[in-house]
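Comments concern the structure below.
The values are calculated or read from the model by the stated rules, or taken from the named source; none is laboratory data. Everything numeric in this text was worked out from a predicted model, so none of it was measured. Note: ideal-geometry Cβ built from the backbone for every residue, glycine included; neighbour counts use all protein chains shown.
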């Protein structure tokens, strides 16, 4: 059950790590759902076109980067409201991916089995390598100090937009891998709205973790345990309504958020224009 929890929560953890970096720079990216969904589709398209799972992951990163660049154009360069921009990005990605999927639903791209990695190297990367590397970057380098300052007091930092673009680029890479892992390793391909709210769960876990990587890992692990419990209860066939089991991880996340409401301090300039 523990292994199942870790594997099931891996895409979520990658999204949480990316969103932590971005919010530390002062940006609230509600469009993370759009980035993961776009990455899932482009990963499948790239993998099927090249017959390579590795190319599929690169395609996922490219898809997330496109969605991230669109968000950054409006939120960073044009100073649009970050919440509205993120919601619009999610709706756009949901519509575009749904349209492409329905138009190509009967094609070989979405019918035949997707290529998979022989060894799932993403799980150790997400739970060990990425958190350590990002923690060192954020807390042990001059760049990390300036990035955190962008979220606390952007007036004291030169080239705030540049730092926020880099943070968004890091998030794009991580969410691209997350979307690709979801489609190529945890699923048998792409399906409409297959991200299923993981982007919004990632946002809540960032708050639960108080914008720190230790808390991010803990919050993601709790969600993974709830997800694994859902799968276990389905396998046990205890007569519990299927839709209630699907809601279990989300209810657990909601209860966690209710328990910490009012006791967290976000970066001072989070969501504000530079």
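Annotations
- Filter pass, residue 23 being over 29 Å from residue 108 (Cα atoms), over 14 Å from the mean Cα position of the chain (by Cα), in contact (Cβ under 8 Å) with a residue 12 or more places away in the chain and surrounded by fewer than 24 Cβ atoms within 10 Å (Cβ to Cβ): no
- Residues in the range 124-154 that are over 19 Å from the mean Cα position of the chain (by Cα) and touching a residue at least 12 places away in the same chain (Cβ under 8 Å): 143, 146, 147, 148, 150, 151, 152, 153, 154.
- In the set 256, 217, 225, only one residue is within 16 Å of the chain's Cα centre (by Cα) and either modelled with pLDDT of 75 or more or not in a loop (DSSP other than H, G, I, E, B) (or both); that residue is 217.
- Residue match in the range 77-97 (condition: in a loop (DSSP other than H, G, I, E, B), closer than 18 Å to residue 15 by Cβ and under 16 Å from the mean Cα position of the chain (by Cα)): no
- Test for residue 191: is it free of Cβ contacts under 8 Å to residues at least 40 places away in the same chain, out of contact with any strand residue (DSSP E or B) (no Cβ under 9 Å at 6 or more places or on another chain), surrounded by fewer than 21 Cβ atoms within 10 Å (Cβ to Cβ) and assigned to a loop (DSSP other than H, G, I, E, B): no
- Here 115, 124, 154 are screened, and the one residue that is more than 17 Å from residue 40 (Cα to Cα) and surrounded by 14 or more Cβ atoms within 10 Å (Cβ to Cβ) is 154.
- Just one of the listed residues (73, 3) is assigned to a helix (DSSP H, G or I), within 28 Å of residue 230 (Cα to Cα) and without any contact (Cβ under 8 Å) to a residue 12 or more places away in the chain, namely 3.
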